[in-house]
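This report refers to the structure that appears directly beneath it.
The values are calculated or read from the model by the stated rules, or taken from the named source; none is laboratory data. Quick caveat: nothing in here was measured; it's all calculated off a predicted structure. Cβ sites come from the backbone with ideal geometry, for glycine too, and all protein chains shown count toward neighbours. Calculation scope for accessible area: heavy atoms of the full protein, side chains included, ligands and nucleic acids excluded. Shrake-Rupley method; radii C 1.70, N 1.55, O 1.52, S 1.80 Å.
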Amino acid sequence: MVWFWIATTIPVVLLALGGLLGGLWAVAALIYMGGLIHVMDRLVQGAAAKTGQDGEFPSGMRLSLVLGVVHFPLIILAVLALAGTTGISLGAKICCFMAFGLFFGQVSNANAHELIHKAARFPRRLGKWVYISLLFGHHSSAHPKVHHIWVATDKDPNSPRDGENFYQFWPRAWIGSFKAGWQAENAMRQRAGARKSLLHPYVLYVGGAALCIALAARLAGVNGVLAYVALASYGSMQLLLSDYVQHYGLHRRMRENGKPEPVGPEHSWNAPQLYTSALMLNAPRHSDHHMVPTRDYPSLQLNKATMPTLPQSLPLMAILALWPRQWRRVMDPRVEKLKVAKLRASQQ
């Protein structure tokens with residue numbers, strides 16, 4: 001559990017100091033989120049933790065709750081710093097925007113994802129509000145009620161289509177997941193009948209987003225709103241990049257009854273790097289998460305023999321996805337190799 005605490009709490013301290021004081025603290029925050037984590041992947045690649053029956057580490061709920069609560073003062077500080085309220089320099093603002101954006105995209109998103117899968121009410125609500133604060137509240141509905149059901153099929157807006165680059169995927173996935181989550185919630189409410197809640201979740205998502213924008217305006221005026229929307233957009237784009245990378249080229253076979261085959265280890269890309277995985281609360285161990293969505297993140301398993309593995313860490317592959325030609329050059333041969341292997345296995 002120590003790696004999760006180290007990887008995620010160091011940037012919290014650096015970002016807080018960078019937003020308040022600027023200068024080298026802002027630079028240090030950016031260096032950590034943009035470079036040092038990749039160096040650490042190589043330095044600790046041989047580190048191994050003792051594996052027990054419940055996985056490599058004990059439950060990570062305490063860290064998830066801490067990160068969920070800390071997210072809100074951090075995003076307020078980020079808005080204030082970028083709007084000029086804390087008095088930091090232009091250079092520090094640029095560093096802070098990049099560093100805070102990377103943190104919200106890679107840590108806050110991953111942690112909110114962990115929280116909305118919990119059975120307890122408070123963690124789920126906390127994760128939902130983290131997504132709302134990033135203007136992506138509908139993900140709280142679309143992810144468990146659409147993505148996990150239809151992942152790696154054309155019915156899932158957050159699974160990329162064949163030949164689709166990220167710039168084609170991004171708007172389709174954002175709009176499609178908003179609509180699909182809405183439809184899933186409506187269908188559930190219709191089935192619930194008289195027992196359905198009076199408040200539609202999308203009222204909370206849209207109303208909460210409007211409330212957050214109003215709070216940014218109250219704190220720092222027009223500059224605050226611009227800073228807030230830019231940060232939230234940056235954060236949500238990274239979530240969609242993760243979806244794109246982790247499901248690129250992988251498809252579930254549709255059966256004669258119109259339903260897809262069960263989700264297996266071969267339907268998600270994974271990354272084994274220890275430090276960036278710790279930073280993202282094991283989100284790169286994606287196959288196991290889809291097979292057992294309720295499994296606590298410290299217990300997620302990675303079997304390289306059965307689970308497709310990315311050539312680099314998830315953050316580095318997300319950067320590569322921004323250059324479609326290079327992305328296809330690296331990933332398409334790997335996708336084709338997996339397809340051939342699956343075809344041969346089905347013929348045996």
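Considering the conditions (1) within 20 Å of G208 (Cα to Cα); (2) without any contact (Cβ under 8 Å) to a residue 40 or more places away in the chain; (3) assigned to a loop (DSSP other than H, G, I, E, B); (4) not acidic (D, E), G137 is excluded by exactly one of them, (2). Cβ separations smaller than 7 Å between residues 6+ apart or across chains give the following pairs from segment 215-235 residues that are touching a residue at least 60 places away in the same chain (Cβ under 8 Å) to residues that are among the polar types (S, T, N, Q): A220/T85; G235/S108; G235/N109.
Entry remark, segment 41-76: residues being closer than 23 Å to A318 by Cβ, modelled with pLDDT under 95 and in a helix (DSSP H, G or I) number 3 in total. Say whether the condition of being within 19 Å of the chain's Cα centre (by Cα) and either at positive phi or in a helix (DSSP H, G or I) (or both) is met by at least one residue in segment 154-164. No, that holds for no residue. Scan segment 236-250 and give yes if some residue there is over 21 Å from W170 (Cβ atoms) and open to solvent by less than 40 Å² (accessible area, probe 1.4 Å), otherwise no. No - not one qualifying residue is present in segment 236-250. Selection over segment 253-286 of residues that are surrounded by 18 or more Cβ atoms within 10 Å (Cβ to Cβ) and either within 23 Å of L63 (Cβ to Cβ) or touching a Gly at 6+ places or on another chain (Cβ under 8 Å) (or both) gives a count of 16.
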